[in-house]
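Trainee: Right, I'll just put the structure down here and ask away after.
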Amino acid sequence: MAQHRIMTILLFVCLSLCFEVAQSKLKKDGDPCIYSADCGSRCCHRDSPKGSGKCVQKSMRGVRCYGPNYGDPCFRSHQCNSGCCYPGSSVYKAFCVPKYDKTRKCLGPNFEDFCYSSDQCHSGCCFNKFTVRNVPVCLTKSGGECFGAPIGELYYYCPCESGLVCEKDTSRNMTNQIINDPSRRICKKPNTANN
């Protein structure tokens with residue numbers, strides 16, 4: 001009987017200590033986070049795709065809680081349990097959705113995946129011209145028309161593929177006459193540049 005009472009007391013003490021340790025590891029307001037689940041009962045909020053998350057109160061104005069479940073806001077597909085972060089009206093209003101199959105595009109680093117900056121793409125080119133849903137997509141490097149530098153974090157023409165340089169188009173071909181743009185630049189082999 002005494003042993004049973006001692007075991008019950010020890011069990012109670014162990015459970016109390018475990019609860020205190022667990023409580024001490026819950027994050028507080030302002031602590032860094034990836035998902036809202038990292039913040040206990042709080043919310044993991046991000047101001048921008050590149051911004052780090054911080055724990056805040058859910059009731060604060062303008063707070064979006066980032067998490068891995070369906071409908072949770074996201075900036076990258078790896079943040080979602082489904083593996084698909086889908087842009088709503090813009091990449092800044094993206095949310096986790098089921099991936100289904102290859103017919104659903106998601107924010108990601110591969111060819112024709114949605115993107116918000118060039119450093120997100122394996123190719124290094126997030127292309128923002130004539131795209132589906134007005135959301136930029138990752139494209140391969142160019143072998144044709146190009147532009148020297150990105151505008152912000154996006155390209156309107158992808159940079160040249162390896163081994164080519166982006167130079168002014170000095171050719172007198174039919175395409176150049178139709179376009180009639182003296183600032184048009186194309187990818188050329190280095191030995192033909194400035195000819």
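Trainee: Tally up the residues in the stretch 141-182 that are at pLDDT 85 or above, exposed (fewer than 12 other Cβ atoms within 10 Å of the Cβ) and more than 25 Å from residue 116 (Cβ to Cβ), please.
Mentor: Total meeting the criteria: 1.
Trainee: Any residue at all in the stretch 88-101 that is among the hydroxyl-bearing types (Ser, Thr, Tyr) and in contact with a Leu (Cβ under 9 Å, 6 or more places away or on another chain)?
Mentor: Applying the first criterion (among the hydroxyl-bearing types (Ser, Thr, Tyr)) to the stretch 88-101 yields 89-90, 92, 100.
Narrowing further to those that are in contact with a Leu (Cβ under 9 Å, 6 or more places away or on another chain): none.
No, the conditions are met nowhere in the stretch 88-101.
Trainee: Could you run through the stretch 85-96 and say how many residues are modelled with pLDDT of 85 or more and surrounded by fewer than 21 Cβ atoms within 10 Å (Cβ to Cβ)? Talk me through it step by step, then tell me what you get.
Mentor: Of the stretch 85-96, the ones modelled with pLDDT of 85 or more are 85-87, 94-96.
Then keep just the ones that are surrounded by fewer than 21 Cβ atoms within 10 Å (Cβ to Cβ); that gives 95.
Residues flagged as modelled with pLDDT of 85 or more and surrounded by fewer than 21 Cβ atoms within 10 Å (Cβ to Cβ) within the stretch 85-96 amount to 1.
Trainee: I need the full set of residues from the stretch 20-79 which are at pLDDT below 80, of a type in the set (Lys, Arg) and either touching a helix residue (DSSP H, G or I) at 6+ places or on another chain (Cβ under 7 Å) or in a loop (DSSP other than H, G, I, E, B) (or both), in order please.
Mentor: Selection gives 27, 28, 42, 46, 50, 58, 61, 64.
Trainee: Moving on to the next point. Report whether or not residue 99 is touching a strand residue (DSSP E or B) at 6+ places or on another chain (Cβ under 6 Å), modelled with pLDDT under 85 and either farther than 30 Å from residue 47 by Cβ or assigned to a loop (DSSP other than H, G, I, E, B) (or both).
Mentor: Working: touching a strand residue (DSSP E or B) at 6+ places or on another chain (Cβ under 6 Å): no; modelled with pLDDT under 85: yes; either farther than 30 Å from residue 47 by Cβ or assigned to a loop (DSSP other than H, G, I, E, B) (or both): yes.
Judged against the criteria, residue 99 is not a match.
The values are calculated or read from the model by the stated rules, or taken from the named source; none is laboratory data. Since this is a predicted model, take the numbers as computed values, not measurements. For neighbour counting, all protein chains shown are included, and Cβ atoms are generated from backbone atoms with ideal geometry for every residue, glycine included.
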